[in-house]
Amino acid sequence: MASTPALKIDSGILQYVPKGQFYEASDAQFTAVMSMWKHLFKFDRTLFSLITLLGGTGFSKGAMNHMLLANSQTGTGTDLVPSALPEEFEKNIIRYNLEKLSEERFARAIKNLMMLAGGEGFVKVNNARTRKLILEFIFSRDNKNLDSLAVNFKTKLRKLVRHALGKQTIHKIVNGDEDLFQKWIGRYNRLALPVVEHLFDKQPQLRAKATGNFPLIRQYWYMKKAAAEGNVENFKKYMKGMPQRTVIGFRNSFKVPIALSEIYEKSTMSDRESLQSEAAVKRSGAKAVEINYKKHDVYDLWKSFYFKVLSGDPENVDKIAEAIDYVSSKAEKISLGECVVIIDASRSMVGSDERKLHPFLTSLSVLSILDDVKEVIYVGGKTVETPIGRNVVIPMNHTDLWKGLIRAVKTKVPNIIVLSDGYENAVKGMFKHAYDYFKNNGRVFNLIHMNPVFSAEAKSGTARMLTPDVKPLPLSDYRHIETELIFNRILENKEMVKALLVNKYQKLLGGIKDVTI
Amino acid sequence: MSLFDQLGFSGIGIGPVQSEDEMTVIPIVGSTRGDVARPQNLQFQRTTSYGTMVFENKDNDHEAIIPSNFMVRGRGAQDHAMAGSGVVRKGQSRSFTNACCVEESQGGLLRGAEKQDVLPVELRKVLLDTSIRSEDRYSKLWGKISGWLRGLNVGSGGRAHIGDFYDTPAIGDALENFAAAFEPVQNQIGAVIMFNGVPVGIEIMPSAEHWEVYWKYLIRGCYGAELVRLKMLGKIRPSALVLPNIPEGSDDNKVEEIMDSFASHIQQELLPLLEGIQIKSQTSLDQTGSMRTTLLRTDSDGGGDLVQQGDEPVYLSLVL
């Protein structure tokens, strides 16, 4: 799986998440990944843009799209645009990535737009393409959707619109300049003036005629009024169905005397938020909201499961365990052939404080989508009994991965998958020593090393390797295994990469309307 | 008689040996020793003047131990390090007026710590001299720091800024690497640290919880820093443990047996090196509450602090 010498990148460029690992400040990783982004961009801009169609983290795609938008596309023709693609392909990709992300994780999509306004340390970019991208994304949607968006993401939308249009234009629009409104916003939604007023803290007309299309915005302003007046009864009336973050924000800012438990019960949360805030809801004394665990992602379920086990909270642990089994059984499986899986459960797999347990949870999630697993071997770790009597392994102790390798080789199963951060210490080099011996003495097996911890100091690419023969697949998200496999295969041949990605483009975007950005 | 027996450390064991290039760490495992404040209850507060570090112990029932040569760093203020270990009484604050400034041309007093570490081995050795250690002279380490940094091509003009070393990006990465390569094991309370098979330090904390909090400062800031420096200066021969020979034709079980045997015997091979370390002298330094601090000197010209609670040793930090 050697990469082209001139193209020193790996799929870590699509998987970077700006959170520190167990041992590295995230800025070191960022520098490493940024260097790969720049390298690929300079190497082949077309390839750079097409690659963003593969599965990856929202942050990576946002950063890569930021790079595309910050650099104008100066040429056309076959040198830049492969014959099978329209000239607008780059714009379509940017828009597609944003829309796709917004379907999966809306908040991340907004953050990616915020990168253009200087968010997350990126350089501000403001040009015709970014302006249209921002305004179209916000306003080109039905009123119900826009209403909800404007209440849920008020501050961020305000920043984005201000970035796109500038203070002067905003001032004029909010103060009644019809022409400017039509030119920039009305073209996407002719009724959206109350939304703009709301975003810029000008109370819209609350008459049904004026804000009837935006009931949440109306409710927001009534709730704000009640909070400012200390009218608890009205506050309670208007908080029903409002986003929980907004209600808690008003409660805290205006010191509204109302129990958090009541807010948890009456306001709304997304499915993901409800799982994430389960413990906070419980602490507040609110009636527990019934959570349908089976609707959740397996990673989130493992996370919830482990946090309950580690904090000694037995509630719903059985339901979560059942849901993990259910979701795993229903998951679309990835087949790498008959395999043995070695899971590194040493201490470093706890990950950083910012993403506690992430490497280990990613490993467990990978396990739930792998097909034809003959045996699972844990190396390191400590077995603890859960409140439901099921034993689980928690990351602890040193790393003697060589023991797992020998056990795996003894099974004679042809594929050995190692899920490890690549830091072997007991004793360093013993994994490679055993591996070399087996390979040089007639044992036939295929070793695949998936690394859920990125490392800026990795000898090559973004993940630390266990043996030079086996390039690790960096994996920040279990859902990206396919990307990894494609990436590692196609990097050997740039033209094949392009052909594959052009096909992917046509499959994903071929049918969608080509919107000018 | 082993060093641990000489000092009365009973009930301790040895964990699996861990190594990364020239550094080897032998974990020391055992149960909690004495009644010492939990590490979370001990906080560095501020420097009230150059050379004075103030710590607060929020535990109202137990005395707290500050690890030897604990170092705090921050922006816009002079970084400081303790001249030795320290004990803070239950529920009280204590000022240590013999601390060392480790950034000679930086003004300003610290309020809280942005970064924490432990001084590198060679600088710690300087402070084994009681006349230097006890002296209330904040600049007492500057000359030694300049010397320690000499030849590394970091910072500017030979100034005594320890941060010039830690904050150099390439060095910072190398140090993080050391921290990454070693993992605390269950019930670990300390470690023997070796460079190229030669013991350079022995650290024992009162509990696994204390080790959990302080191990990174020791492995990265103290021992890792010293090793990185020695490598940069070409003063240490690159080496790694020699792994066992596996005869051709060995079956899987034989391979397992050879590797297992190597891993379990490696500590037996390394531990006798500790037998040669003898305590040359003991100097009583401080009695605070139930804790007595003694400065030990070894025949290898090393030494460090032993803290006992009553007759029970609860903390040991030796640089060799």
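The values are calculated or read from the model by the stated rules, or taken from the named source; none is laboratory data. Predicted, not measured: the structure shown is a model, and the values here were computed from it. Quick reminder, even Gly has a Cβ in these numbers, built from the backbone with ideal geometry, and neighbours come from all protein chains shown.
Things to note:
- Helices (runs of 4 or more DSSP H) wholly inside region A:75-160 containing at least 3 residues that are modelled with pLDDT of 95 or more and out of contact with any Ser or Thr (no Cβ under 6 Å at 6 or more places or on another chain): A:106-116, A:128-139
- Strands (runs of 3 or more DSSP E) completely within region B:1-81 that count 1 or more residues being closer than 28 Å to residue B:180 by Cβ and within 14 Å of another protein chain (Cβ to nearest Cβ): B:12-14, B:18-20, B:23-30
- Any hit, region A:434-445, residues being among the aliphatic types (A, V, I, L, M), at pLDDT below 90 and buried (at least 16 other Cβ atoms within 10 Å of the Cβ): no
- Test: residue in region A:314-329 that is buried (at least 17 other Cβ atoms within 10 Å of the Cβ), assigned to a helix (DSSP H, G or I) and touching a residue at least 60 places away in the same chain (Cβ under 8 Å): yes
- Filtering region A:351-387 to residues that are among the aliphatic types (A, V, I, L, M) and farther than 24 Å from residue A:334 by Cβ leaves only A:384.
- Residue within region A:212-221 that is among the charged types (D, E, K, R), touching a residue at least 60 places away in the same chain (Cβ under 8 Å), surrounded by 15 or more Cβ atoms within 10 Å (Cβ to Cβ) and closer than 21 Å to residue A:235 by Cα present: no
- Among residues of region A:418-447, those that are at the interface with chain B (Cβ under 9 Å from one of its Cβ atoms) and not in a helix (DSSP H, G or I), counted: 10
- Looking across region A:370-386 at every residue that is part of a loop (DSSP other than H, G, I, E, B) and away from every other protein chain (no Cβ under 14 Å), the one that is surrounded by the most Cβ atoms within 10 Å (Cβ to Cβ) is identified as A:386.
- Meets criteria (touching a residue at least 40 places away in the same chain (Cβ under 8 Å), buried (at least 16 other Cβ atoms within 10 Å of the Cβ), outside any loop (DSSP other than H, G, I, E, B) and within 12 Å of chain A (Cβ to nearest Cβ)) for residue B:266: yes
- Taken over region B:128-178, residues that are of a type outside the set (Phe, Trp, Tyr) and assigned to a loop (DSSP other than H, G, I, E, B) amount to 21.
- Selection status of residue B:219, part of a loop (DSSP other than H, G, I, E, B) and either more than 10 Å from chain A (Cβ to nearest Cβ) or at pLDDT 95 or above (or both): no
- Among residues of region A:448-464, those that are at pLDDT 90 or above and in contact with a Lys or Arg (Cβ under 9 Å, 6 or more places away or on another chain), counted: 2
- Residue in region B:283-299 that is in a helix (DSSP H, G or I) and in contact (Cβ under 8 Å) with a residue 40 or more places away in the chain present: no
- From B:275, B:257, B:209, B:203, residue being more than 23 Å from residue B:35 (Cβ to Cβ) and more than 12 Å from every other protein chain (Cβ to nearest Cβ): B:275
- Boolean, residue A:366 is away from chain B (no Cβ under 14 Å), touching a Leu at 6+ places or on another chain (Cβ under 9 Å), part of a helix (DSSP H, G or I) and of a type in the set (A, V, I, L, M): yes
- Residue, farthest from the chain's Cα centre (by Cα), within region B:139-190, restricted to residues that are of a type in the set (Val, Ile, Thr) and within 16 Å of residue B:73 (Cβ to Cβ): B:154
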